[in-house]
1. Can you tell me how many residues within the stretch 356-371 are surrounded by 11 or more Cβ atoms within 10 Å (Cβ to Cβ) and either of a type in the set (Val, Ile, Thr) or outside any loop (DSSP other than H, G, I, E, B) (or both)?
2. Name the residue, out of 320, 338, 328, 332, that is farther than 23 Å from residue 724 by Cα and open to solvent by less than 20 Å² (accessible area, probe 1.4 Å).
3. Can you tell which of 26, 47, 33, 37 is out of contact with any His (no Cβ under 8 Å at 6 or more places or on another chain) and at pLDDT 55 or above?
4. Do any helices (runs of 4 or more DSSP H) lying entirely in the stretch 622-696 carry at least 3 residues that are within 18 Å of residue 577 (Cα to Cα), and which ones are they?
5. Scan the stretch 759-771 residue by residue and report those that are closer than 16 Å to residue 305 by Cα and open to solvent by less than 10 Å² (accessible area, probe 1.4 Å).
6. Filter the stretch 333-355 down to residues that are part of a loop (DSSP other than H, G, I, E, B), in contact (Cβ under 8 Å) with a residue 24 or more places away in the chain and among the charged types (D, E, K, R) and give me whichever is farthest from residue 194 (Cα to Cα).
7. Restrict the check to the stretch 140-148 and report whether at least one residue is closer than 19 Å to residue 78 by Cβ, assigned to a strand (DSSP E or B), touching a residue at least 60 places away in the same chain (Cβ under 8 Å) and open to solvent by less than 30 Å² (accessible area, probe 1.4 Å).
8. Return the residues of the stretch 392-429 that are among the aromatic types (Phe, Trp, Tyr) and either more than 30 Å from residue 645 (Cα to Cα) or open to solvent by 10 Å² or more (accessible area, probe 1.4 Å) (or both); say none if nothing qualifies.
Amino acid sequence: MQTYKKISLSITAAALLSACQGTSYPVANIAAPSVKPATLKAAPVAPIADQTLTMKQIMANPDWMGLSAYNWQWQSDSKGIVYQTKGLLDANPKYFSQAITSDRAQEISFAQQHTLLKRAATNNPANTQQAYLYKGNVFVKDLTTGNIEQVTQDAQSYRYLFWGKNNTLSFATSTAIFSADLTTNKITQIAEFKFAAKPKSNKHQDSYLAKQQRRLINFVALSQDNKQAQEQYNQDLAKANSSITADPIYLGKDQRVVDMALAPSGRYVFMALADTSSPSRSKHDVMPDYIGNDGYVDVENVRRRVAEDEPKSQRFVLVDLYKQTTKDIALDGLQGFDEDVLASVRAENAKTKGDSYTEVAQDRQITLMLDWGWRQSAINWHPTQDKLLVMLEALDNKDRWIAKVDLEQASFSTEHRLHDEAWINYTHNEFNWINGTDNYYYLSEQDGYSHIYLKTDAGHQQLTDGDYVVSNVQQSNDGKSLYYRANKQHPGIYNVYKVDIATASSQPLTNIQGQVDYKLSPDNQKLLLEVSKRTQMPELYVQQLASNKLTKLTNTSSERFKAYPWQQGEVVAIPSSHQDKPVYARIYKPANFDATKQYPAVIFTHGAGYLQNAHFGWSGYFREFMFHNLLTQKGYVVMDIDYRGSKGYGRDWRTAQYRQMGTPEVQDMADGVKYMADNYSVDSSRVGTYGGSYGGFLTFMSLFTQPDLFQAGAALRPVTDWAHYNAPYTSNILNRPDVDPIAYERSSPIEMAEGLNKPLLIMTGVLDDNVFFQDSVRLVQRLIELEKDNFETAIYPVEPHGFVQPSSWRDEYSRILKLFEQNLKKD
């Protein structure tokens, strides 16, 4: 038990906005940071409106374009916002606050950061106080007065915050939980966790030898009796005297905390633990750095490959702090927890070896759900009651469960099971209790698209429905409405909607022909919007919900960028020869397009696989966007294609490449070539392709498996063998190599390299810790052994997966342009 001096900061939001000890910026000025000589040798020369683009311009440090805001948040009073900007080569970001009634942003000074830069912010059930973390310490803000109190000032580095009954605030590290009385300023340690075997009790041993020893040797008997009496004394004292800290709770050796959460009553802790008995990587999971600071070769550790990954279940433990007991929660309450969900896959692989396979119960590995995009925990206590929901997933990627935890029996019961014969989505897994009720909502793709479902005592009810994708669900303070983001109008247009929970009726709140993301204000009266269009970088707006009045807050795009007449690209629907729904893409036409002429063309394939690029908003591939404008000026038609597997088109589209990566995508690329030939005067014998990461993989697959489709291709930071990629991504789509080698062999370009007969350019960073440099090295050796003489390689010694240095970008894209100019243009 400790008492900390109360540190009252007494800072209101209004004071912060008017008295921050930082620089005042007109919003437009944020977009034009000075370029320091130490960072860049010379400021980039921006494109001039009536001149053609150059590679040096478009691949320069992109800070000249403007610095968009990111990590944008409402301030707790709904009167201001906070956001960050960061230049490409800057070591640290800059932080800004801005009143929504102002067109000027204040840079947040070092002295004020702890009042505005909040992590893990959470309001108490009454919405009168907000707790948050800054640099590992705990702060509480009074939402009425705006006063901020620093609760801790130590080196514990707290990770978790929990509000409980009677307005108690608890906070935790991975090894201890503390509770703060915000009236008396007393902090009490309510739990300590030790990752070791529990010490043996001093109770008498029951073996024959132990009993004999006690009977014959008085010294032994007296010593045992004294130790047992001392142990009992300490236990009785701890029960009777509240000033004494409870004994540690022992959780066993070789364990670490993945996540944990404290019940509102302060009695129960639910914990997910991971086994640390075996190393997370092998000694050969390393990467050389040939440009080390000391002139030697440095060695960096990297992640495991999926071929060597050892999936393990997490251990789920319910701790009763009142009784000082722990109970492990078994998995048998999860429907299908031991099903042989890969039986057909195992049978198919066994058949290729002349064997057979009989379906048997499986020891499936199950963990907390790991969603790659959410900002919540998979452990979800009711705000005011000791009721617990947990979201779990199987590491074979075929099931997701929402489970209720029985606190008396320490057992799971299945509330909802989402099963997918291909793979469970690693996004669209939001779920939460509805304010003021015992009901909860969740997202599910069970009807083919991500939609909102409501669970009540009456059962499950679908609140949204249609061929569109729902994400980013936020609920109103009164628990009557849910706000969400969706692409109802068009797969590439996203807006904000609100659904009435009682009637399941939705209404649009925004109507913008672009990309929109949002955050609902704490007072539920406004939306903070991030809005972008194809040639307009993301900007922040505030929309008043009562009047729909829209106010622009930022103007981060530079005048130099806005002055250039960029071609935005037309979003088109390409008829598919393999399924009913069209394939969406952006098309860029040559300057002064003449339908009577024949043009060369380039297809760009985006990375990640599960990503959307053919939308109406600003693309994260902004360099490629400018490169495509440059290509049109040189007489090319360019297509950005959202092949099957891309995001934003529903479950069936997402899983189309299950166990056959590279097959449906290349089919869609072939449809893209035909579409350009039929509609944009493209000479189908003069088409090239390029892409990075997954897009580089598709360059290989198209050139190796359909060698007449493209006349040349460039593969940037490409995957060549999926067995060498990481487990969380690859095992979703191809299962694991030991279970499904067929899928890996039909999906890995290195297995098909003999098909190459057109010019190929391979480019990769030596310091790529995502797709290893070794991937390209192995393929190059394979091509050498196959006596292929139509490929070239370029390596970038200081670059990771996402290139950083402008010189590397310029070199890379200059080589791509040269490849196309030499192979796609007529003599």
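The values are calculated or read from the model by the stated rules, or taken from the named source; none is laboratory data. All values derive from a computational prediction rather than experimental measurement. With ideal geometry, Cβ positions are generated from the backbone for all residues, glycine too; neighbour counts draw on all protein chains shown. For accessibility, only protein heavy atoms count, side chains too; no ligands or nucleic acids. Shrake-Rupley method; radii C 1.70, N 1.55, O 1.52, S 1.80 Å.
1. Of the stretch 356-371, the ones surrounded by 11 or more Cβ atoms within 10 Å (Cβ to Cβ) are 357, 359, 362, 364-371.
Restricting the remaining residues to those that are either of a type in the set (Val, Ile, Thr) or outside any loop (DSSP other than H, G, I, E, B) (or both) gives 366-368.
Looking only at that region, the number is 3.
2. On the way: 338 fails: open to solvent by less than 20 Å² (accessible area, probe 1.4 Å); 328 fails: open to solvent by less than 20 Å² (accessible area, probe 1.4 Å); 332 fails: open to solvent by less than 20 Å² (accessible area, probe 1.4 Å).
Being farther than 23 Å from residue 724 by Cα and open to solvent by less than 20 Å² (accessible area, probe 1.4 Å) holds for just one of 320, 338, 328, 332, which is 320.
3. On the way: 26 fails: at pLDDT 55 or above; 33 fails: at pLDDT 55 or above; 37 fails: at pLDDT 55 or above.
Result of the check over 26, 47, 33, 37: 47.
4. Values: elements: 622-633, 651-654, 663-679.
Fully inside the stretch 622-696 and qualifying: 651-654, 663-679.
5. The answer is 768, 771.
6. The first filter runs over the stretch 333-355 and keeps only residues part of a loop (DSSP other than H, G, I, E, B), leaving 333-342, 353-355.
Adding the requirement that they be in contact (Cβ under 8 Å) with a residue 24 or more places away in the chain leaves 333-339, 341-342.
Those still in the list that are among the charged types (D, E, K, R) too: 338-339.
Details: 338: 31, 339: 35 Å.
Here the answer is 339.
7. Our first condition is that a residue be closer than 19 Å to residue 78 by Cβ; within the stretch 140-148, this holds for 140-148.
Restricting the remaining residues to those that are assigned to a strand (DSSP E or B) gives 140-142, 148.
Still in the running and touching a residue at least 60 places away in the same chain (Cβ under 8 Å): 141, 148.
Filter once more, keeping what is open to solvent by less than 30 Å² (accessible area, probe 1.4 Å): 141, 148.
Yes.
8. Here is the first cut: in the stretch 392-429, the residues among the aromatic types (Phe, Trp, Tyr) are 401, 412, 423, 426.
Result: 412, 426.
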